[in-house]
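The values are calculated or read from the model by the stated rules, or taken from the named source; none is laboratory data. Fair warning: this is a prediction, and the values are worked out from it, not measured in the lab. Heads up, the Cβs are rebuilt from the backbone with ideal geometry, glycines too, and the neighbour counts pull from every protein chain shown. Note: areas computed on protein heavy atoms with side chains; ligands, DNA, RNA excluded. Shrake-Rupley method; radii C 1.70, N 1.55, O 1.52, S 1.80 Å.
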Amino acid sequence: MMRSAFIVCMIAGILSATAPAHAQKRGPKSRAAVPVAKTSGILSRAGGFHNRSNLGSAFENRGKLYPHEEAEGPTFEWPIGSQHEYVYRANPYVGIPGNMIQGRFTTDEEWEAAAGYNNIDSAKVAMSDKPYTWPATGWPVKAPDGTSVFVSDQDSYCVYNDSTNSRGILGIQVNQTGYAFGAKSIRDMVVYGFDVINKSPKTYDSVYFGMYVDADVGGSESAVDYANDKLMFDKSLQRVVYYDNGTSVQWGGPSGRFGFIMLHTPSVNGAELGITDLHYMRYDDDVDIDSIQYGIYSSSPSLHASRYGQTYFHPGANAPNLHYDDPNTIASAGMDLVSSMGSGPYTMAPGDTLHFITAFVAASDQAGMDLITSNAWQLYHANFASPKPPTAPTVTVVSGDGRATIAWDNAAEASRDPITHVANFQGYRLYKSIDFGLHWDQIDRNINPAAGSDPVPMATFDKSTGIQNSYVDSSLINGYTYWYSVTSYALTSDKTVLESNIGHSSEEKNIGVATPESRAIGRSPAGVSAVTHSGSANVTLTVSQLDLPNAGGKSYGVGFVPTFSIAKGSFQTIINLSTVEGVKTDPGTYSIKFLSPTTYAITNLTMGKVIRASGNYTSGTPIIMGGSGLRLLLTDTASSADAKPQTGDSILVYPGITARSGGTTVLSLRQFWYGTRYATDDGVVFSITRNNDSASSLIAYADSFAFSTYGAQVRSDIATPELNDVKVVPNPYLVGSEYEREYGILRREPIRQLKFNHLPAHCTITVFTMAGDKLKVIYHDGTTGTETWDLRTDGNREIAAGMYMYLVKTDTAEKLGRFAVIK
């Protein structure tokens, strides 16, 4: 009784204190000294960021579904890259009466990172698409046979425990898994799973799992937006939806909707409990008192009966049932609300695990919210198995003078759908961004709303029209930064497009960044020499060396061999293609189509001629492709009919192209197309074109090419007149120059910078005041003629407005110039 009275007094003191209108603008409340974390926990602290879906979600491995530092990424940003964050804080809770473990209150963080589940040197949570974040043992989620298990386009995995529990350590561990999907139907969600494990020798009764969500629909920077939120609850869907009046002052447009779904909870007496308790309160009324928090998540009658019951319980039409607040009790104008969703009670014996799966979803309106909710449930019932697009390509971008060359690998072309096993690659799409990945086309949708919300690629390369692995974007502006992203896509049987994600970070493999700059004086780029052709085909090889660091000094060979692909079907038969000894091979394209599981027809597609109308198929018996000089051997690996060729399945056989350098394959075998630009792994781009339409211009398997490359050359004898074109841009320098990047949601202040253009490859730039005082020495040693300066002195102090001099100097020449700074 005395302890209860003490708690009530504490509540009264906290609730009677004067608070600002929106407590998110002040520091969090404090109540107790935080236990000292173990060194292993501190070293293992890490953040993660899901950015492969359309809902960006930063989180930490300390029970926080938001970042400790804003620069780590946004908190449930939708659409990703829009700078529209729908959540201020979201946190999982686990506890028993009088001891609720949480990371919500930053001065009393009771979840601590567990060691051994990430690469601590990376300071990142283990992410499936970033192997450098994995622990030394590899990806931490493994099948019983030890192989790595990946579920979505981007999985995350982290573990934390209550080793800093200020109310007493319970020995509770949480293994948290995250999933982000890129497919259009399920991309507006992020899924988080929580395995709650009792690592203690004690049995705990009345255990509750909870999710705290402080959604700020419309943004958290304007009281007009965060103070008018409401929620609705659909128990049949296990879903809470957050919304407001539909307009955001902060965003200057529609505010959309945000949702939380409890997809799975443990079962009690044969039935999943689901969300057993739902309550809302004002943000300012949320207190860091364990008995109160447990009372909220468990709908404690004693808390409801206290003088503060109306603060935390709003049963409305649900009375006398205290477990669910009635959303109709929220004022029509809305409020700055937070919500607590609980599931329990559960009993946990030593070693027991409680498994929860949640989904966070976003949409522009209620119809969209219902659709993404339905898709989330379908995905869950399919055990998160979904058709997947081909793997994303690895992109290389090389800047030039007013141009950029984009090249990518062909790993996507061998992709198979993980469910149907069908070879599903169809083509590539190339996107361009001029605002650091915020938008991936340059379409003004206010003027052209018919363009739709999805970005429009600047180029598409489809199997039906010819695949490319490189692209040159010319007429760029020197000094500006351009991002490029290449995606791969597939077509399903119903012609639905499955496309890999456009990248959202410059560190992602399918994004390349170019900042075209002036060419350095006295520098000649890497190039190609000594091209030779062996064979009879009347064709031309056009080849260039990308001007990459350490480029050049290599010899290459390009050759042609027959290859194949499964055009239709999901059979898992092993296919071997070889040549018939002593027979001249024909480099045409052939189709082997199964008329039934035991018969096939062969057509020469190049000639448009059927060369075998019907042949008998038997596993292990070679198929001789008459007149082509080729032999196809098919071996069935399973007795199941689904694993064998079926009626309508087909195989394409066609010429393939490959390239080697120094005994290493630098262009893996792929289908050959005339005019296609191929890019090797080490930065050589080439294409082969026919010189006429006659049969003599067709490539034969006996044809081959050889060439060599040389590196960049830099002259050391620069003459003073050659420095006449050296310029400072912008001059005069004005704050807010278009050359400067503004960081938007992460940083609203641009980086101050100006550029020295048309420099020699190697030189020294010294900046002086007009009185001759030396301010900055810059050493330029690069592949371009441009050097960027942040307008700070050698002592890291920002320079003042005024006139300045600069001296550009090489071993043999120098130039003195001026520039102005206006602030």
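Results, tabulated for the structure shown:
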read-out	value
Part-to-part distance (alpha-carbon centres) for segment 523-574 and segment 645-705, which is given in Å	7
Length gained when the stretch Ile611-Ala331 is fully extended (0.36 nm per residue, less Cα-Cα span)	93.0 nm
Efficiency of FRET from Cβ geometry, Ala771 and His381, R₀ 56 Å, rounded to 0.05	0.15
Portion, in percent, of the accessible area of segment 521-562 that falls on carbon or sulfur, probe 1.4 Å	50
Sequence-distant residues sharing a close amide H with Arg677 (under 5 Å, placed H)	Asn469, Ser470
Inter-probe distance in nm under a simple model that places probes 7 Å from Cα toward Cβ, at Ser536 and Ala820	7.3
Euclidean distance between Cα centres, segment 82-97 to segment 210-263, Å	12
Added length on full extension, which subtracts the Cα-Cα distance from 0.36 nm per residue, Lys184 to Ala567	135.4 nm
Segment Gln366-Val472, extension gain: residue separation times 0.36 nm, minus the distance between their alpha carbons	33.8 nm
Label-reachable residues, segment 485-526, where backbone N falls under 17 Å from a point 7 Å from Gln713's Cα toward its Cβ	520-526
Other-chain or far-sequence residues with amide H under 5 Å of Ala126's (modelled H)	Tyr157
Efficiency of FRET from Cβ geometry, Ala451 and Thr720, R₀ 41 Å, rounded to 0.05	0.20
Mean Cβ count within 10 Å, highest first, over the residues of peptides 125-138, 185-198	185-198, 125-138
Cβ-based charge dipole, the chain, positive-most Cα from Tyr179, Thr542, Leu231	Thr542
Radius 12 Å from Cβ of Ser343, net charge of other residues (Lys, Arg +1; Asp, Glu -1)	-2
Reachable aspartates and glutamates, given that their alpha-carbon falls under 18 Å from the alpha-carbon of Lys463 and they are not under 8 places away in the same chain	Asp409, Glu413, Asp417, Asp494, Glu499
1.4 Å probe accessible area per residue over the chain, in Å²	43
Eligible lysines near Lys199 by straight Cα distance, threshold 20 Å, same-chain separation 8 or greater	Lys38
For segment 810-823, Karplus couplings with θ = phi - 60° (6.51, -1.76, 1.60), whole Hz, Gly/Pro x	10, 5, 10, 7, 7, 9, 10, x, 10, 8, 10, 10, 10, 10
Label point distance in nm, Ser206-Arg403, each placed 7 Å from Cα along Cα→Cβ	7.5
Separation in nanometres of the label points that stand 7 Å from Cα toward Cβ, at Val497 and Ala305	6.3
Paramagnetic label zone (point 7 Å from Cα along Cα-to-C-beta, Met803; backbone N under 20 Å) in segment 761-794	766-776
Förster radius 45 Å - calculated FRET efficiency between Asp444 and His323 (Cβ-Cβ, nearest 0.05)	0.35
Within straight-line cross-link reach of Lys584, aspartates and glutamates at Cα separation under 17 Å, skipping those fewer than 8 residues along the same chain	Asp703
Cα centroid of segment 130-153 to Cα centroid of segment 357-410, whole Å	20
